[in-house]
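The block underneath contains the structure these notes are about, expressed in structure tokens.
The values are calculated or read from the model by the stated rules, or taken from the named source; none is laboratory data. Being a predicted model, the structure only gives us computed values, none of them experimental. For neighbour counting, all protein chains shown are included, and Cβ atoms are generated from backbone atoms with ideal geometry for every residue, glycine included. SASA here: full protein model, heavy atoms, side chains in, ligands and nucleic acids out. Shrake-Rupley method; radii C 1.70, N 1.55, O 1.52, S 1.80 Å.
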Amino acid sequence: MLVLFETSVGYAIFKVLNEKKLQEVDSLWKEFETPEKANKIVKLKHFEKFQDTAEALAAFTALMEGKINKQLKKVLKKIVKEAHEPLAVADAKLGGVIKEKLNLSCIHSPVVNELMRGIRSQMDGLIPGVEPREMAAMCLGLAHSLSRYRLKFSADKVDTMIVQAISLLDDLDKELNNYIMRCREWYGWHFPELGKIISDNLTYCKCLQKVGDRKNYASAQLSELLTEEVEAEVKAAAEISMGTEVSEEDICNILHLCTQVIEISEYRTQLYEYLQNRMMAIAPNVTVMVGELVGARLIAHAGSLLNLAKHAASTVQILGAEKALFRALKSRRDTPKYGLIYHASLVGQTSPKHKGKISRMLAAKTVLAIRYDAFGEDSSSAMGVENRAKLEARLRTLEDRGIRKISGTGKALAKAEKYEHKSEVKTYDPSGDSTLPTYSKKRKIEQVDKEDEVIEKKAKKAKVKIKVEEVVEEEEEEEEVLVVEEQETSMKKKKKKDKKKHIKEEPLSEEEPCTSTAVPSPEKKKKKKKKKDNED
């Protein structure tokens, strides 16, 4: 039996000397403990060496894809066919291909795997003419080349550089803002008027670095940095400035800070150009669709271009707005329509009511561009240009939808009103001169009448209350008088009863009608007045 053994240096074909020992699978490893024992089991019959790493890579990629290399085909035809023996292979798929194309019987079993493991452990002793150092170097080079091939790796396509560059760009922007704000505030104590005249931060720092002290502005030439009008304004403001005097050491420190600001600004422009070039090399279609900054931020947010390619279009649309999304889901409100993609130029030039629709369409086309850049072999940006043209056409149709011409019966329904010329001459309104409130005379009279009626009603109610109280007091006094007279008459004799009765009947007859007539009158008056109040 023959054994096909692949190494990083070349193909090796071994002849099995003692096949009986292969039956004991569990104890087979003992036969390969030393090179001497291994040479008693197998013997090298042929060794086909690779010329360089490229040839080794081509051979192994063919083996991984289940194909036979030309070099291997020659070796198998030359040696194995002549021997007329079965061939032991490590890969069953490769054995099936060899059997189909070369009509050779191939064996793949657990015994073969143990045999391959033993040969690999004593490879230096079994394959003469190959140094261990050469074998290690060839193995390392082939491993790197093979990993690059499997990952379709290219030195130009390193998205890690984009992630680092966009992060550094954001950090530089923050630091520049802090430095410039500190510089303006610091120099503002000496020359506060300069900050209002020169609004550009870089020009401000360059002007400050060139002149320094406020007194030097009169003789300084700033035509390279400023226009003539601004230069004259700066010199005039320097003569009448309200700033405080500072020492030379203070000016020196401020100038160092200005130097730092200028250097960081120059490095930022250089870094931005580097980012543009990298984005066009790695993701040209994404750059055309959303721009280099937005594309780089999307890649940095996802971690890599491959991770971004795995996201759906709906995820890419709201990438960067995760907090708003989960807040909306928690409070059961509307979810956000866009995240980082909002800063793309196509979304920015859209009217507010169409921003959500355009961001959704842009996200769908951007995902296609991302996947094309990540997995496609072509590095052109033709697909991105085509999709962007479609989106721009769609945007125009959305914006012009309300301005379309009306045809057919719609013209009759949409008749324009007749034009009436209105004079633009305005007359003076004198009512705005007086700050006092103006009321009509009729309104004044009505208000006075109402107030008089309210006062009269209150007075009548007070009089009725007083009358009722007087009547109640009179009734109580009459009752007391009657009780006293009854007690006195009971003490007198019976003979004078008729006279006393006659005397009693007279005051009673006189007093009763006054009580009967006085009491009901206020109650009736009350009822009448209540009715009147309700009616009013």
- prompt: Checking His84 against (1) open to solvent by 50 Å² or more (accessible area, probe 1.4 Å); (2) in contact with a Lys or Arg (Cβ under 9 Å, 6 or more places away or on another chain), which single condition isn't satisfied?
  reply: (2)
statement: Ala59 fails exactly one of (1) surrounded by fewer than 15 Cβ atoms within 10 Å (Cβ to Cβ); (2) at pLDDT 80 or above; (3) closer than 30 Å to Ala137 by Cβ, namely (1)
Spans of helices (runs of 4 or more DSSP H) in segment 46-113 with at least 1 residues in contact with a strand residue (DSSP E or B) (Cβ under 6 Å, 6 or more places away or on another chain): 70-75, 92-102
field: Selection from segment 2-20 of residues that are more than 60 Å from the chain's Cα centre (by Cα) and modelled with pLDDT of 80 or more
entry: Leu2, Val3, Ile13, Phe14, Lys15, Val16, Leu17
query: Can you find even one residue in segment 11-20 that is buried (at least 18 other Cβ atoms within 10 Å of the Cβ), touching a residue at least 12 places away in the same chain (Cβ under 8 Å), among the small types (Gly, Ala, Ser) and touching a strand residue (DSSP E or B) at 6+ places or on another chain (Cβ under 7 Å)?
result: yes
- prompt: For segment 305-314, which residues satisfy the criterion of being surrounded by fewer than 16 Cβ atoms within 10 Å (Cβ to Cβ) and of a type outside the set (A, V, I, L, M)?
  reply: Asn307, Lys310, Ser314
- line: When Trp189 is run through (1) modelled with pLDDT under 90; (2) exposed (fewer than 15 other Cβ atoms within 10 Å of the Cβ), the failure sits at (1)
statement: When Ile197 is run through (1) farther than 21 Å from Asp250 by Cβ; (2) out of contact with any Asp or Glu (no Cβ under 7 Å at 6 or more places or on another chain); (3) hydrophobic (A, V, I, L, M, F, W, C), the failure sits at (2)
Positions within segment 63-80 being among the hydrophobic types (A, V, I, L, M, F, W, C) and over 16 Å from Glu100 (Cα atoms), in sequence order: Met64, Val75, Ile79
query: How many residues does segment 92-117 contain that are surrounded by 14 or more Cβ atoms within 10 Å (Cβ to Cβ), in contact with a helix residue (DSSP H, G or I) (Cβ under 8 Å, 6 or more places away or on another chain), under 17 Å from Leu72 (Cβ atoms) and not hydrophobic (A, V, I, L, M, F, W, C)?
result: 1
message: Being open to solvent by 30 Å² or more (accessible area, probe 1.4 Å), part of a loop (DSSP other than H, G, I, E, B) and of a type in the set (D, E, K, R) is true for just one of Glu377, Glu386. Which residue is that?
response: Glu377
Gly356, sole failed condition from (1) surrounded by 18 or more Cβ atoms within 10 Å (Cβ to Cβ); (2) small (Gly, Ala, Ser); (3) in a helix (DSSP H, G or I): (1)
message: Among the numbered criteria (1) modelled with pLDDT under 90; (2) β-branched (Val, Ile, Thr); (3) surrounded by 18 or more Cβ atoms within 10 Å (Cβ to Cβ), which one does Ile240 miss?
response: (3)
task: Can you work out which of the residues in segment 272-297 that are more than 15 Å from Asp159 (Cα to Cα), in contact (Cβ under 8 Å) with a residue 12 or more places away in the chain and part of a helix (DSSP H, G or I) is most open to solvent (accessible area, probe 1.4 Å)?
output: Tyr272
message: So, in segment 318-328, how many residues would count as being assigned to a helix (DSSP H, G or I) and open to solvent by less than 30 Å² (accessible area, probe 1.4 Å)?
response: 1
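For (1) of a type outside the set (A, V, I, L, M, F, W, C); (2) in contact with a helix residue (DSSP H, G or I) (Cβ under 8 Å, 6 or more places away or on another chain), each residue gets a yes or a no:
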site	(1), (2)
Ile262	no, yes
Glu266	yes, no
Gln270	yes, no
Thr287	yes, yes
Gln317	yes, yes
Glu322	yes, no
Arg327	yes, no
Thr335	yes, yes
Tyr342	yes, yes
message: Can you find, within segment 21-35, the residue that is nearest to the chain's Cα centre (by Cα) among those that are free of Cβ contacts under 8 Å to residues at least 60 places away in the same chain and either within 30 Å of His144 (Cα to Cα) or outside any loop (DSSP other than H, G, I, E, B) (or both)?
response: Lys30
